[in-house]
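The values are calculated or read from the model by the stated rules, or taken from the named source; none is laboratory data. Here the structure is a predicted model, which means the values were calculated and not measured. Backbone-built Cβ (ideal geometry, glycine too); neighbour counts: all protein chains shown.
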Amino acid sequence: MRTLTYDLPVRSEQTGTLYDHCVRAIQHGLRFGSHGLPLMGCGDWNDGMNRVGEQGKGESVWLAFFLFQVLQEFSEVARLRGDAPFAEKCLSQAALLTANIESNAWDGAWYRRAYFDNGEPLGSAGNVECQIDSIPQSWSVLSGAGEPMRSRQAMEAVNDRLVRRDHALIQLFDPPFDKSPVDPGYIKGYVPGVRGKRRAIYP
């Protein structure tokens, strides 16, 4: 049974610069699970997957790619601020992330989406539902963190399995959540396919 807590926001007694705030946010994000990937908590980009990591152990592959890009870009900001130690920390953590992604997130033909609290993968060919998710494949390219040949193979899988040119659609993932015992969160409450599709525009 879940307990909801309601509270009134108050002004913090702590102060700092925007740079300080960014550093603290990044440091807070440098929390990893057993696969060396960022903890997912009760949702990452997709808040509908709010039960994947609700016990504090689930990990997000998409967030690994996103965090890699944040670390790479913020290392330059830190250098401009004269904060060489944090710049180096950003780069070392980014390098560690790429190693963990390639070791623990590759499914054989595309990148997995996440790991549940119990260590079971999501977005894997072995899953009954949500075998492939477009987000980690796209971000393996956008972030530059994916191994090039793997990223190419992953995007080919997206093209083959998720792009529906006959309906001008790109599915977010496939198959949709429906009847399997896996419970990723409230995304499963949607009619199959409704939340798992995004419209694409073709010439």
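What pairs come out if I take residues in region 98-123 that are assigned to a helix (DSSP H, G or I) and pair them with residues that are among the acidic types (D, E) whose C-beta lies under 6 Å away, six or more apart or interchain?
E102/E147
Name the pairs whose Cβ atoms lie under 7 Å apart, with the first residue in region 147-160 and free of Cβ contacts under 8 Å to residues at least 40 places away in the same chain, the second part of a helix (DSSP H, G or I), and 6 or more positions between them or separate chains?
S151/S140; S151/V141; M155/Q137; M155/V141
Restricting attention to region 69-92, which residues are farther than 25 Å from D133 by Cα, touching a residue at least 60 places away in the same chain (Cβ under 8 Å) and not in a loop (DSSP other than H, G, I, E, B)?
Once the filter is applied, which keeps residues that are farther than 25 Å from D133 by Cα, touching a residue at least 60 places away in the same chain (Cβ under 8 Å) and not in a loop (DSSP other than H, G, I, E, B), region 69-92 yields F86, C90.
Would you mention how many residues in region 135-185 are in a loop (DSSP other than H, G, I, E, B) and under 14 Å from W106 (Cα atoms)?
3
Residue check, L63 against (1) without any contact (Cβ under 8 Å) to a residue 40 or more places away in the chain; (2) under 24 Å from Y186 (Cβ atoms); (3) out of contact with any Asp or Glu (no Cβ under 7 Å at 6 or more places or on another chain), all met but one. Which one?
For L63, the failing item is (3).
Which one of these is modelled with pLDDT of 95 or more, among the hydroxyl-bearing types (S, T, Y), surrounded by 13 or more Cβ atoms within 10 Å (Cβ to Cβ) and in contact with a strand residue (DSSP E or B) (Cβ under 6 Å, 6 or more places away or on another chain): S140, S134, S151, S124?
S140
Being at pLDDT 90 or above and at positive phi is the filter here, so list the residues in region 169-193 that pass it.
G185
Condition test on A25, is it of a type in the set (G, A, S), touching a Phe, Trp or Tyr at 6+ places or on another chain (Cβ under 7 Å) and more than 15 Å from N100 (Cβ to Cβ)?
no
Exactly one of these conditions fails for L162: (1) modelled with pLDDT under 90; (2) buried (at least 17 other Cβ atoms within 10 Å of the Cβ). Give me its number.
If we test L162 against (1) modelled with pLDDT under 90; (2) buried (at least 17 other Cβ atoms within 10 Å of the Cβ), just (1) comes out false.
Given the options G58, G41, name the one that is at pLDDT below 95, within 24 Å of G185 (Cβ to Cβ) and surrounded by 16 or more Cβ atoms within 10 Å (Cβ to Cβ).
Answer to the check: G41.
N46 fails exactly one of the following numbered conditions: (1) crowded, with 17+ Cβ neighbours inside 10 Å; (2) modelled with pLDDT of 95 or more. What is the number of that condition?
(2)
Would you confirm, using the coordinates I've provided, whether G36 is closer than 24 Å to S140 by Cβ, in contact with a helix residue (DSSP H, G or I) (Cβ under 6 Å, 6 or more places away or on another chain) and surrounded by 13 or more Cβ atoms within 10 Å (Cβ to Cβ)?
Against the criterion (closer than 24 Å to S140 by Cβ, in contact with a helix residue (DSSP H, G or I) (Cβ under 6 Å, 6 or more places away or on another chain) and surrounded by 13 or more Cβ atoms within 10 Å (Cβ to Cβ)), G36 qualifies.
Restricting attention to region 37-58, which residues are small (G, A, S), touching a residue at least 40 places away in the same chain (Cβ under 8 Å) and within 15 Å of D183 (Cα to Cα)?
G43, G48, G53, G58 - these are the residues of region 37-58 that are small (G, A, S), touching a residue at least 40 places away in the same chain (Cβ under 8 Å) and within 15 Å of D183 (Cα to Cα).
Hey, among A145, A99, which residue is surrounded by fewer than 18 Cβ atoms within 10 Å (Cβ to Cβ), more than 19 Å from G43 (Cα to Cα) and modelled with pLDDT of 95 or more?
Just one listed residue meets the conditions, A99.
Could you list all residues from region 10-63 that are of a type in the set (G, A, S) and not in a loop (DSSP other than H, G, I, E, B)?
Scanning region 10-63 gives A25, G29, S60.
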